[in-house]
Amino acid sequence: MEISSLAERLALRYDAPSGRRVIAGKDVLLHCHHYNARLQRTVESADLVDGKRLIVGAAECVFAEHIDRALRAEDSVAARWAVAERLYAHLGFGRLDLSRVAEGVVTATASHFVEGWFAGLGRPERMVCSFAEGYAQGAVYAVTGEPVHVREVECMAQGAPMCRFAVERGRSEPVAPNAKRPLVFRPRERGDWLRSPAIDEQAILDALVAMPVEGGPDGLIPAFGVYLACMPADFYNRVCIGFLAEMRRVGRGATAERLLAAEAEYCALNTYRGLMSSPEWDGLVTPMLRGPDDPLFATMTFCNALGFGQWHIAGLEPGQWMLVESVNGYEALGALQYLGSTSTPHCHGHKGAAAGIFALIYGSGPLTERFGTFHAVEEACIACGDPVCRFRVERIG
């Protein structure tokens, strides 16, 4: 099908009031290979739960819906497959070849997760493309209506020239719908929030939204010193909610919460370090910087352009503590949609990211020494019925 038609369907729509990035009708977040690969490793390495099933199932469910939203009733079968392949590459996951599905074969010549594993975790002892397995299952279902199992049999992470997947038919288990409750929530529009007069927040937002953040010829998005991907918020929510539920079932809920926060903290340290070392930062932000706290305010503005929602600094003692309020974070709203009101705070990723950003701005030494130097607590959460999610970050010791 015509490239122009595909490009129109997959064009980014940024909703400024909510800070949401929308592609083909789904909210997406810009996250890096550090977070995606490490989240997968954390979930799949927990011996007491079936983490691989959570990753594959979430990808299948979310992308069966996402691909379907990008399709049109008049599309030919060839066009439907083209949409499924292009969405995968456009979002930054790599190159997935679905042309031989009828023969029972899917291949990938580039992979966000393989690159992420090599860059941050080293060569794995096993195949790592669980996400691609789930995506391919969702794609086959969206295009043909047939539920299948897709199993990786060769992986570039283990030295293969390409990743190869076997498509297994005869599946009786249905594809789960991405069922969510209607969201009834009005975010707070104003608050007693701090701002830097030197940081032109609107200029930063406008510049980042205008950047062409999409997969290149290899379906990857190298930017800010990392590989980015436009991941649907629903995928993260289904994986993390499922992981928490399974770990709580075996008496390891607190461990799961700490693990999810730690991966987000590590990601924030690495992603925003790359951002602050990038030409984009030098050209856009460096001329604005006047005081020692301006990098913090600029970094928070970058967060608000990446699709996570709207963050605001509500209190600050530089280098010691800060309060961050999130008026519509995807984790809290996702919890309301998938679970309903919860009894405990739910935003473990936001909590870890806040600690990582503060450690990056005010810490010292290599990133490995900054990790874990600040402690974050979620004091209020929208998922619990509070008007905002509030995070307190404090120096340890």
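Which of the residues that make up segment 25-60 are small (Gly, Ala, Ser) and over 25 Å from residue 149 (Cα atoms)? Spell out the reasoning first.
We begin by selecting, within segment 25-60, every residue small (Gly, Ala, Ser); these are 25, 37, 45-46, 51, 57-59.
Listed by number, the list holds a single entry, 25.
Which of the residues spanning segment 296-355 are under 25 Å from residue 278 (Cβ atoms) and aromatic (Phe, Trp, Tyr)?
297, 302, 308, 311, 330
Could you please give the count of residues in segment 182-214 that are at pLDDT 95 or above and part of a loop (DSSP other than H, G, I, E, B)?
7
Every residue, every condition in (1) surrounded by 24 or more Cβ atoms within 10 Å (Cβ to Cβ); (2) more than 17 Å from the chain's Cα centre (by Cα); (3) modelled with pLDDT under 95, yes or no:
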| position | (1), (2), (3) |
| --- | --- |
| 266 | no, no, yes |
| 288 | no, yes, no |
| 305 | no, no, yes |
| 322 | yes, yes, no |
| 327 | no, yes, no |
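Is there a residue in segment 38-60 that is within 18 Å of residue 211 (Cα to Cα), modelled with pLDDT of 95 or more, part of a helix (DSSP H, G or I) and of a type outside the set (A, V, I, L, M)?
Step one: of segment 38-60, the residues within 18 Å of residue 211 (Cα to Cα) are none.
No.
From 230, 267, 240, grab the single residue that is in contact with a strand residue (DSSP E or B) (Cβ under 9 Å, 6 or more places away or on another chain) and in a helix (DSSP H, G or I).
On the way: 230 fails: in a helix (DSSP H, G or I); 240 fails: in contact with a strand residue (DSSP E or B) (Cβ under 9 Å, 6 or more places away or on another chain).
Of 230, 267, 240, the one residue that is in contact with a strand residue (DSSP E or B) (Cβ under 9 Å, 6 or more places away or on another chain) and in a helix (DSSP H, G or I) is 267.
For every residue, the table says whether it meets (1) touching a Cys at 6+ places or on another chain (Cβ under 6 Å); (2) free of Cβ contacts under 8 Å to residues at least 40 places away in the same chain; (3) small (Gly, Ala, Ser).
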| site | (1), (2), (3) |
| --- | --- |
| 80 | no, no, no |
| 84 | no, no, yes |
| 87 | no, no, no |
| 90 | no, no, no |
| 99 | no, yes, yes |
| 104 | no, no, yes |
| 109 | no, no, no |
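How about segment 329-351: which of its residues are of a type in the set (A, V, I, L, M) and over 17 Å from the mean Cα position of the chain (by Cα)? It would help to see each step written out before you state the result.
If we filter segment 329-351 for residues that are of a type in the set (A, V, I, L, M), which is where we start, we get 332-333, 335-336, 339.
Within segment 329-351, 336, 339 qualify.
Could you please give the count of residues in segment 302-324 that are of a type outside the set (Val, Ile, Thr) and under 25 Å from residue 228 (Cα atoms)? Don't jump to the end; show me each part of the working.
First, pick out the residues of segment 302-324 that are of a type outside the set (Val, Ile, Thr): 302-312, 314-323.
From what is left, the residues that are under 25 Å from residue 228 (Cα atoms) are 302-312.
Looking only at that region, the number is 11.
From (1) within 26 Å of residue 340 (Cα to Cα); (2) in contact with a helix residue (DSSP H, G or I) (Cβ under 6 Å, 6 or more places away or on another chain), pick out the condition that doesn't hold for residue 174.
So residue 174 meets the others, but not (2).
Please work out if residue 78 is over 19 Å from the mean Cα position of the chain (by Cα) and closer than 20 Å to residue 349 by Cα.
Values: over 19 Å from the mean Cα position of the chain (by Cα): yes; closer than 20 Å to residue 349 by Cα: no.
So residue 78 does not fit the description; no.
Tell me which of these residue 89 doesn't satisfy, since it passes every other one: (1) under 26 Å from residue 333 (Cβ atoms); (2) within 19 Å of the chain's Cα centre (by Cα).
(1)
Which ones in segment 352-365 are in contact (Cβ under 8 Å) with a residue 24 or more places away in the chain and over 18 Å from the mean Cα position of the chain (by Cα)?
The initial filter retains those residues of segment 352-365 that are in contact (Cβ under 8 Å) with a residue 24 or more places away in the chain, namely 352-362.
Answer for segment 352-365, where residues must be in contact (Cβ under 8 Å) with a residue 24 or more places away in the chain and over 18 Å from the mean Cα position of the chain (by Cα): 358, 359, 360, 361, 362.
Check off (1) free of Cβ contacts under 8 Å to residues at least 60 places away in the same chain; (2) under 19 Å from residue 263 (Cα atoms) for residue 30 and give me the number that stays unchecked.
Result: residue 30 passes all but (1).
Sort out which residues of segment 73-102 are over 20 Å from residue 232 (Cα atoms) and in a loop (DSSP other than H, G, I, E, B), and write them in order of number.
73, 74, 75, 76, 98, 99, 100
Of the residues 7, 64, which is small (Gly, Ala, Ser), outside the structural domain of residue 258 (by TED's automatic domain parsing) and at pLDDT 95 or above?
64
Name the single residue, out of those in segment 344-379 being surrounded by fewer than 19 Cβ atoms within 10 Å (Cβ to Cβ) and in contact with a Pro (Cβ under 9 Å, 6 or more places away or on another chain), that is nearest to residue 257 (Cα to Cα).
Checking each candidate, the answer is 377.
How do the pairs read when you match residues in segment 180-209 that are of a type in the set (Ser, Thr, Tyr) with residues anywhere that are not in a loop (DSSP other than H, G, I, E, B), using Cβ under 7 Å and keeping only pairs 6 or more apart or on different chains?
196/294; 196/297
Quick check on segment 147-163: of everything there that is in contact with an Asp or Glu (Cβ under 9 Å, 6 or more places away or on another chain) and assigned to a strand (DSSP E or B), which residue is farthest from residue 56 (Cα to Cα)?
In this case the residue turns out to be 163.
The values are calculated or read from the model by the stated rules, or taken from the named source; none is laboratory data. Since the model is a prediction, treat every value here as computed from it, not as a measurement. Neighbour counts run over all protein chains shown; Cβ positions are idealised from the backbone, glycine included.
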